[in-house]
Structures are given as structure tokens and as C-alpha cells.
Amino acid sequence: MFTKPIHTKLLYLAILAAALLLPWYVPDAYIFQIVTMSVLYAIAASGMNLILGFTGQVTLAHGAFFGMGAYGVAIMTKAGIVFWLALPVSALIAAFIGLLIGLPTLRTRGAYFAIVTLCFGVIVWIVSGNWIELTGGHNGIFGIPRPSPIPVPFFGQIEFFTQTGMYYLALAVLLLVLFALYRLVYSVFGLTFMAVRNNEPLADSVGINTYATKLVSFVAGCFIAGLAGGMYAAMMGAVSPSAAGYMLTFNFLIFVILGGMATLPGPVVGAFAIPVLMEFMQFLDDYRMLIFGALLIMVIIYFPMGLVGGLRRLNQKVAAWRQQKFPESDHASR
Amino acid sequence: MDLFLQQVFNGIMFGSTYAIVALGLTLVMGILNIPNFAHGHLYMLGGYLLFFFASTIGLGYWLGMIVSVAAMGVVGVIMERIVYRPLNDQPHINAFIAAVGSLLFLESFALVVWGSQGLRIPNPHPQIIEIMGITMSIQRLLVIFGAIALILGLHLFMKKTILGITIEAVAQNREGAMLTGINVNRVSSMTFAISAGTAAVAASLLTPIFMLSPSMGAILGMKAFVIVILGGMGSIPGAIFGGFLLGLIEALGGGYISAAYKDVFAFGALILILSIKPTGLFGQKEV
Amino acid sequence: MLRVESVTKRFQGLVAVQDLSFEIIKGEILAIIGPNGAGKSTVFNLITGTLKPTSGQIFINELDITGARPHQVASKGISRTFQTTSLFDQLRVIDNLMIGYKWRTNLGFWNTLFHTPRWKAHQAETYQRAMETLDFLGLAEKHDQFVPALSQEEQKRLAIGIALVSKPHILLLDEPTGGLIQEETDRVTDLIRRVREQGTTVCLIEHKMQMIMGLADRIVVLNYGKKISEGAPAEVKSDQAVIEAYLGGEVHA
Ligand SMILES: Nc1ncnc2c1ncn2[C@@H]1O[C@H](COP(=O)(O)OP(=O)(O)O)[C@@H](O)[C@H]1O
Ligand SMILES: [Mg+2]
């Protein structure tokens, strides 16, 4: 009941192949680094999309949870804890703090939730710049070790000292996150998220615990943000308060909205297309946020489902047109 | 004692700014049920326009202030027209996102036009006087008295003019007002003009004392939200009272507890209060 | 089966429901009528936990549910519709029904994430029950459409379907034919009869007297939040208090 047409599946396979082969055709180390960052942003933005797009709760603290993952891994690995333990623990810490914050604040609605999460995000950012003993203050934390190699029987080991190793690690996590989100969203359980977004009183009246539903969505989204942040720390080797800042939240928001809110590919498309486009338009750097601010407004007014939603609409129009023109060939196209 | 009084004075000065900025925000939120996240950025833009008209063009402080306030009124009307009105009957979260878009746009507009370096206009009233051991400049006193004058003026406007009374009616009951044939679109436009205009007055009063920077609106705007939610959306007395209260708390908290965490008090208080009472202290209305 | 016991609801000064007691008996169709603002919808909101009574109690099969939250009441088998048609209008018809069935299943976070055998069974059961309900509603062909593509009558049917899909014991319908023309009203009335034949107890608020007289087994009449009459349609129709309440004889609700 939730299946996709064949040509969509083929498209996804092609994209997957392109992603797997990326190190071979992007030899430029700088661009490669940007693409790897995009993978991490795509993970975090997908988490935000679960809360914002599918469940309809405008969280403006997502950067803070990314930061908790980043600082968590930074602090733990510098204390000698192995990355493979530090990463899940950091993500769990982000999820746990998300639970603590979500429990009281998810009782608020709409604008109040947006403001209260924005306030929380700013507090985390201020604290990360001032709690010098824990976070190193404005300078942040340096010299975070790369993940230790994973031994594989017969093959030797998988190493992460190169950018390529980190890229594949990030890609694997992105695929895992997307797979999990796919299962959650395209199911009866996922429908309850959308029910809450669409009509909370009705959802309540048909026996859905809307408060618990929002909480699950929020905590899961925060966990994903923490995961992305943790890998960011290991990849960059350093974290500073900007990795927990509200500008980061706004960046995630831009990826989600321009890519396509409440679609699974949307945030991924946004997180890849926007940073890469910006690199090719360096001369526009000063105008970055001027353009994206205006785009955010225009897209939300005219294409609330972003690029992916727009393409889907186009696809439907084309399909309808084809059916009208060539009723016979319709079977073939499915 | 002197330190205490000095902090109280500073608290009142900041509080009067908070009060008028929150006043503009509470009107817009009461009317449109939209959190205008860019409200603090309207304040910021007002400051830069004062710089532009007073210093760059050379109109001087007072004339520059009048022109920049009027210009900001126009900015408010434009903002309502092209950003919020098309989203009137869309799901609410779309308007929140458009608000974030406006905020990013305005901040980066100031950055592109005036650069990230702090700018100043010469203080028109730098004279210092001392009363009961508190040093205060004339400009700082002007902030307080200017704010009080604005509040009184706005109060008279809301109570005595037809437009003011209409705005309050719409803020209280949008559907009801529509049924009685009030042109809600026109009221929304005017409210945005007043809201942006008052933000520009606050900025004009404060700009001679502090440096202008493109990022100065963000935190101020959030504080205005804290005040509006705690004081009750659409409530003018709530905004005034909350503004002065927050100014005093910050001045005393920042002076005696921790300057670095000064902003945390306001935001922390909001989280705490909304956790206990999800619709705000005086909340009846939900967004 | 469901008992309302001296329930009062005050909204700052205004008494919307005053010392109201009545019972819904298993298998019947009970109608609640009364002029606009009499407090009928408020009664539904009190039963389903949307509002909390100022005083009084509500029981389901002797279980006290006063003050329970809406989703808890729903999971006791009490379903409702709203006066203004309320649907998940961003979703497809079939999705609307599957959401309505969700609480009957174990389709939670972990089961869904790991596609456990229980998930598979419940997911299939939900789909099947949703399709079955669509057949019952006469909306089977529309299962893949989005809600805004439906006609007003179809939307009203769907709203009833969302409440009905989970096989509730009691179905509360708030003006199920409001805004419909005679022909459509007849079809929805027929649907309500079939619901009862299936064994679901129905309690409905209605404005159309003609329809009520033919449909209801019993009627409760409210005026200014108070019960002024109760009984079989014929009794209520000739009750002096009811005639007075409706000013001058003709009962038009
Ligand atoms: N949430 C509420 N807050 C305040 N007053 C309400 C609320 N709900 C209903 N009322 C008032 O209670 C009275 C009864 O309303 P309602 O139950 O909707 O009447 P009916 O459904 O019989 O037309 C009306 O006067 C209405 O204005
Ligand atoms: Mg009613």
C-alpha cells in the first residue's frame, strides 16, 4: 500500500551508485570535504524534517542538539573513550536532553513551541561559548582523534584516517537513517505523525496520544541530530560554539524547506544542492543569506513542499497529460 | 548602594526599550497570530536607517529620526503585504518559516549594505549629569522619557482614534471583527506600519549610545517574544510591564550574578513558565 | 452503557450544561436536540474528555471516565465526530481510516522500526479493516484520493467512517447531516441505521426534526444547558415544556 513506481526506484538506485562512486570522480579534496559535510547536514536535516515536516512542530533548537552530539564526541574521545562508543552515547545524550526539554515544552503549541525551542537553542549556544571548563569556551575543543580502525577478518581493517573513509562512514549512517525514517514514515505509525500535524483535535479523538506521538518524533529527531554532530566532531577534529549555534538551525531549516518539507528526499536534496551550489557561486558569498532568506519566503508561499514537492507535482501533471494524450501507453509507463 | 541605583537606572533604560519593542510585537501577534521572528531585525534596520538619514545624508539626529521612522512604517507595510498576507490561510507553520526567512533577509541586507563593522552616529546629547550618585547622560534620560512619551501617545491612539479602536477589536476577535465589516487587511497593514515604526523609534533613541551591528536585532527580538508571551499576546499593559521588569532583572542579574549569562535569564524564565503554563501567564489565545 | 450523572459545565460565568443526567442504552439510537447554544456539543466534549466537567461524573459500563483525556476515552470504545466536518485533509481517504484504527493495534515505534511479525500482522489488519469500512461507507473507489477531492456528503461519510473504523461501542455524531440537502440527508440517515444494525450504539445531535422523529428510539431535549424532556419521539413531541421552549408549538430545533 506504500509502494513506489518502478522508475522512481531506478532513479534512487542511480543516485545511490553515484554516491558510492563519488571518491572516484571528485578528486578535488576541498570539494570532497564539502560533499562529506553535506552528508552530515543531510542526516541532521532529515531529523529536523521528521519533527518539522512530518509532525508539524517547528523546532528551532536543532543546531543545539547537533552541538550536543559534537561536543559529546569531542569531550569523550579526548578523555580516551573510543569513538565507536562515544558516538552512540553522544546521540543518546542529545536524545535524552531532547526528552527532558520535550516533556514540558511539547505541551505548548504552534508559535509558542517555535519560540521556546529557539530560546533553548540560544541558551545552549551561549553556554557552549561560556562554560570554559567543559567546552573550551569560544575557542572550542581541538585535536579530536579520528575513529579507530575497525578490524575485519581476512580483509585487514577499515580505516578512517582518510577523508574517503569518513565519507563512507557518513554515507552509511545517512542510508541507515533514511532507511529507518522510510520505515517509520511510510507506515500506519508514520500516519499518526501526519495526523498530529494535520488535525490534532481529531487525532486525539480517534485515540492517538498526540503528546506522546510528538515526543517520540522530537526525541528521534534529536537523536539523529546528535548522531550527525558526533560525526562532525570526528571529521573536523575540532568543535566550536558555531557547531551548536542557531545559525546552524537556520541552515538546516533552509535545507529542509528548499529541498522539500515532509518528503524524505527533500532535506537530502537541500543539504547537497545548496552548499555545492554556493561553492560554484563564490562571488555571491556576501549575498548568501540575502538570497536564501528571500528564497525561503518565496518557496514557502508558492511551493510549500520545496523542490522535491514541486518536481512531484510536475511529474503528476506530466502523467495526467500523457494519460489524456495517449491513454494506451499509460500501462507501460508504470 | 550607588552601584545598585546605577543598575536600577540602566535597568529602567533598557526596560523602556524592551517595552516599546515588545509593544510593537504584541500588536502584530495579537492581530495576525503570527510570530514575527523578524521584529528585532526591524529594530536593527531602524537603527541603520537613522544612521543613513542622520549621518550619511546629513539630516541630523531629529530630522533623521522622523524620516527613518516613517521609512520603517513603509517597510512594515511591505513586509505584511508580500510576506505574511499570502500565507493568511495556509497552515500556521508556513508563516513561522516565512518569518525566519525575513529575519535572515534583513540581517544579511544590513550586512551587505553597511558591512559587519560596528557603526556609530555621534551622540547628539553627550552631556553627563549626576543625581544621587548616579551618572546619566542626557541621551540615556532621553531614551526613558522618549519611551514613556511613545507609550502614552500609543495609548491615546489606541483608545481615542477610530483606527486604534479597530486594531484592538481585531486583536481581540478577528472573526468577529470581520463579520462587522472591518477591512482586516487594511488593519493588518496599519498594525505592521505602527509596529515597525515603534521599533524604529526605540532604535533611534538607543543608537547614539550603542554601536550598530547587523546582528543586534536577533537577541532583542527574542526578548520581545519572552515579554509578549509572559505579558499575554496582544496585551499592551503586559508588554510595558514585562519590558520594564525584564530590563530590571537583567541589569541586576547581570550586575550581581553573571554578565556572560545575562541573556540566559530571560530565555530560561520563558522555558520555565511555558513548561508550567503552556499558554503563557495570561494566555487565553492560542496560535 | 454510558451514564452522565449530574454534570455541570461553566465557562466563566456562563453555565453551558447544568446538572445534566442521562443514559445511553446499549443498541439504541439516542438523539439530543435543543435550540442553538443549548449545550449539546458541549455535552459531547464533556463525554469525550475534550472539556472537563465543573462537577458531576461520567461512567462507561460503571467505569468512571470523568476527566480522562480524549485519546483515553476513545480507547474505551467511544468515538465521535465534530459539528464542523473534521478530517485529515492533507492525506488520502484510506490514510484517514487507517489512522482511526491505529489505537486498536500495536503499531508503535519499535515494532515499526524493526518490522516485527506483529507489525506485519497489524499493518495488514489495519489496511483490511480500512477497506472494509470504505465498502460500508460506499467510498471504496475513492480510497486513493485526497480528501479535498471529495464532495461535501462524501466528506461527512468519511468523518463517520474515521470514527467507525475502530469498531467503537458507542458512536457520537454531532449534526451528521448539517449543511446537506434532503437527498443527501436521506442517504446519511440510512448509513446511520446500518451502523446501528451492525450493533453499534449511536447517540446523535440533530437539527432536522423530521429525520430525528423517524430515526431515534429516544430523545433528550436540552434548553439553556438543562434537560427539559426525555422519552420516545412521540412523547417528546407532545411535551408541553418542549413546545414552550421552542416558542409557539412547532418543533423545529
Ligand atoms: N470552549 C468554550 N468556551 C466558552 N464558551 C463556550 C465554549 N464552548 C461552548 N461555549 C458556550 O456554551 C454554550 C453552548 O454551546 P454548544 O454546546 O456549542 O451549543 P449547541 O451545540 O447546543 O449549539 C454556548 O453559549 C457557547 O457559546
Ligand atoms: Mg453544536
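Numerical summary
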| item | result |
| --- | --- |
| For region B:250-284 versus region B:93-154, the gap between their alpha-carbon centres in whole angstrom | 22 Å |
| Restricting region B:1-103 to chymotrypsin sites (Phe, Trp or Tyr not before Pro) in coil, as DSSP defines it, with at most 12 other Cβ within 10 Å | none |
| Degrees separating the helix B:262-276 axis from the principal Cα axis of chain B, which is the longest one | 30 degrees |
| Hydrodynamic radius by Kirkwood, which averages 1/r over all alpha carbon pairs of region B:1-117, in angstrom | 16.0 Å |
| Sum of -39500 (n - 2.57) over DSSP H runs of 4+, divided by residues of chain C (222 nm, nearest 500) | -11000 deg cm²/dmol |
| Anchor C:Lys26: aspartates and glutamates whose Cα lies under 16 Å away (excluding residues fewer than 8 positions away in-chain) | C:Glu62, C:Glu197, C:Asp217 |
| Amide H contacts of C:Ser229 (H built 1.01 Å from N, under 5 Å, at least 5 apart or other chain) | C:Val221 |
| Crossing angle, helix B:92-114 versus chain B [Cα axis fit, 0-90 degrees, rounded to tens] | 40 degrees |
| Listed residue pairs exceeding 20 Å between alpha carbons, taken from A:Lys214/C:Lys167; B:Lys277/C:Lys52; C:Lys52/C:Lys237 | A:Lys214/C:Lys167; C:Lys52/C:Lys237 |
| Hydrodynamic radius of region B:108-149 per Kirkwood, over alpha carbon pairs, in Å | 12.7 Å |
| Percent carbon-and-sulfur accessible area, the protein assembly as shown, ignoring ligands, DNA and RNA, probe 1.4 Å | 65 percent |
| Chain pair A, C: total accessible area buried, heavy atoms, 1.4 Å probe, Å² | 2700 Å² |
| Acute angle (nearest 10 degrees) that the helix B:162-172 long axis makes with the longest principal axis of chain B, alpha-carbon atoms | 70 degrees |
| Amide H contacts under 5 Å for A:Ile158, placed H, 5+ residues apart | A:Ile150, A:Val152 |
| 20 Å Cα-Cα reach of A:Lys9 towards lysines, excluding residues that sit fewer than 8 places from it in its own chain | A:Lys317 |
| Rg/Rh (Cα only; Kirkwood hydrodynamic radius) as it applies to region C:168-253 | 0.97 |
| Hydrodynamic radius by Kirkwood, which averages 1/r over all alpha carbon pairs of region A:29-302, in angstrom | 18.9 Å |
| Per-bin percent of Cα-Cα distances, region A:152-307 [10 Å] | 9, 29, 35, 20, 7, 1 |
| Per-residue average of Cβ from other chains inside 10 Å of C:57-66 | 0 |
| Cubic angstrom per residue, convex hull over Cα atoms of the protein assembly as shown | 206 Å³ |
| Total formal charge among the other residues, if their Cβ is under 13 angstrom from that of B:Asp263, Lys/Arg +1 and Asp/Glu -1 | +1 |
| Set of lysines near B:Lys262 by C-alpha distance (under 22 Å), chain-local residues within fewer than 8 positions excluded | B:Lys223 |
| Sequence ranges B:225-236, A:46-57, ranked by mean other-Cβ count within 10 angstrom, highest first | A:46-57, B:225-236 |
| Mean residue ellipticity (222 nm) of chain B, computed from DSSP H runs ≥ 4 via -39,500 (n - 2.57), nearest 500 | -23500 deg cm²/dmol |
| Helix runs (DSSP H) in chain A reaching 27 Å along axis by Cα, Kyte-Doolittle at least -1.0 | A:6-25, A:29-49, A:83-105, A:110-130, A:163-185, A:210-236, A:306-325 |
| Separation of the B:Gln6 and A:Asp28 label points, Cα + 7 Å toward Cβ, nm | 5.6 nm |
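The values are calculated or read from the model by the stated rules, or taken from the named source; none is laboratory data. Keep in mind it's a predicted model, so treat the numbers as computed, not measured. Reconstructed Cβ throughout: ideal geometry from the backbone, glycine too, with neighbour counts over all protein chains shown. For accessibility, only protein heavy atoms count, side chains too; no ligands or nucleic acids. Shrake-Rupley method; radii C 1.70, N 1.55, O 1.52, S 1.80 Å.
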